[in-house]
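The values are calculated or read from the model by the stated rules, or taken from the named source; none is laboratory data. Given the structure is predicted, the values throughout are model-derived calculations rather than measurements. A quick note on method: Cβ atoms are made from the backbone with ideal geometry, for glycine too, and the neighbour counts reach across all protein chains shown. Surface accessibility is based on the protein's heavy atoms, side chains included, excluding ligands, DNA and RNA. Shrake-Rupley method; radii C 1.70, N 1.55, O 1.52, S 1.80 Å.
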Amino acid sequence: DFGHRHKPTGEDKEFEDQHIMTAITLNIIVQGLLTGLVYGLMALGLSVIFGVMRVVNFAHGEFAVVAMYAAFILFERLHLDPLISLLPIAVAFFILGYGLQRTLINPFIGRAEHEQFILLVGLATVVINVLLIAFGPDARPVNLSYSFDSYDVGPLIIDKVRVFAALAALAVSAALFLFFRYTRTGTAIRACADNLTGAAVVGLNVKQLYAVTFGIGFVCIGAAGALMETIADASPSLGPSYTLMAFVIVIIGGLGSMAGALVGGVLIGVSEALAGFFIQPSMKSMFSFALLILVLILRPQGLMGRRL
C-alpha cells in the first residue's frame, strides 16, 4: 500500500535519540580537543620555564591576556588576522620574556621560593591593573570573516576558527620540539635542565641560556594568546583563570614535560567541553580539578612526568 506511511515505534525513536546524542557528544569532544591544543600551547610555556629554570611563572595567564589584547589591536588597527599577527606577537614576546628575565627575574633565581612567588604575583597584579586602565573591564572580540563557518565531516560540524587555531598551535609546538632536539642552543638548554652544575663546568653561559628559555616560554604565551583571541574575547578577568588552568595542565601532564603539557591541555579541553554541555558551564572548573586530583592520586608525577 503506497499510501501507507510507516509510523515510528518507540524503539525507532529511542534509536534516533541515541544517534543524535552520539553525534552531539562526538562534536563536543572534537571541539574540546581542538581548544585543548591551544590550552596545551599556553601551558607549554609554563612547563618549559619550570623545567629548565625551576621558576614558576605566576603571571603566566596575565601575559597570555596581554597577547590577546595585542592580537585585538593589530586586528582593529591593521586588519591582521590573529593567525598572521601570531608571528610578530611571538617575536615581541620573546624580546619581552628575554628582557624580563635579565632585568627582573634573574636576581631572584637563587632566592627563596616565596620571594619568587611574591615577585611574580606582584607582576601579575600590575599587568592586570594596567590592562584595566588601558582597556576597561569589557570584553574585546575579534570578528573574523570565517568566525561562524564550519566544516561538515560526516556527523561532525567543526568550527573553522578552532581548526585553524589548533593547527597553528601544533605547528608552534612542533617547531619548539625541533628547536630543543636539533639545535645547539636547544641542546645546551636541555643540558642546563638536566645538570646545571655540569653545564656551568663545561663553559655554558647559564644566565644567557636562562634568558633565552624565558623568552621561548613567552613565545608560547604570545602565540597561544593570539590564538585564544580567535575563540574567546580578551578581558582582564581571564588572567588569573588562565594562570590556574596552565598550572592544572602542567601538573596533569607532568611538570617539565613538553609533551605532557599538550596531553594535559587536550584532557582539560575535552573534560571542560563535556562538563559544560552535560552539566553546567559554571561547573567546568570542578571537573578540571577532579581530573587533577585523580591524576595526583594515581600518578603523582603526572601522566608523562618522571618520578623524582
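If a/c stays under 1.5 just call it rounded; otherwise compare a/b with b/c (prolate if a/b is bigger, oblate if not). Do that for the stretch 108-248, with a ≥ b ≥ c from the square roots of the Cα gyration tensor eigenvalues. It is oblate, given that a/c is not under 1.5 and a/b is not larger than b/c.
For Glu113, the solvent-accessible surface computed with a 1.4 Å probe is close to 150 Å², ligands and nucleic acids excluded.
Among the helices of the chain, those built from whole DSSP H runs whose Cα atoms reach 30 Å or more along their own axis and whose mean Kyte-Doolittle hydropathy is at least -0.5 are 10-53, 113-135, 160-182, 206-231, 258-278.
Given only helices, namely DSSP H runs of n ≥ 4 each adding -39500 (n - 2.57), what is the per-residue ellipticity at 222 nm of the chain, to the nearest 500 deg cm²/dmol? Result for the chain: -25000 deg cm²/dmol, rounded to the nearest 500. Placing unit charges on the Cβ atoms only, positive for Lys and Arg and negative for Asp and Glu, gives the stretch 153-261 a dipole magnitude near 320 debye about its Cα centre. The tail of the calculated P(r) for the stretch 218-294, taken as Cα-Cα distances beyond 21 Å, holds 27 percent of the pairs.
Neighbours of Ile29, meaning other residues whose beta-carbon lies under 14 angstrom from its beta-carbon, give a summed charge of -1 when Lys and Arg score +1 and Asp and Glu score -1.
Which trypsin sites (Lys or Arg not before Pro) in the stretch 65-142 sit in a loop by DSSP (not H, G, I, E or B) and have at most 11 other Cβ atoms within 10 Å of their own Cβ?
Arg111
Centre-to-centre separation between the Cα atoms of the stretch 232-293 and those of the stretch 204-225: 23 Å. Among 63-72, 89-98, the peptide with the highest mean count of other Cβ atoms within 10 Å heads the list, and the full ranking is 63-72, 89-98. In the chain, carbon and sulfur make up what percent of the accessible area (probe 1.4 Å)? Result for the chain: 66 percent of the exposed heavy-atom area is carbon or sulfur. Between the labelled values [x] 32, 62, 7; [y] 33, 57, 10, 0; [z] 31, 54, 12, 3, 0, the entry that holds P(r) over Cα pairs in 20 Å bins from 0, in percent as derived from this structure is [z].
Probing with 1.4 Å while keeping every protein chain in the model, the per residue accessible area of the chain equals 52 Å².
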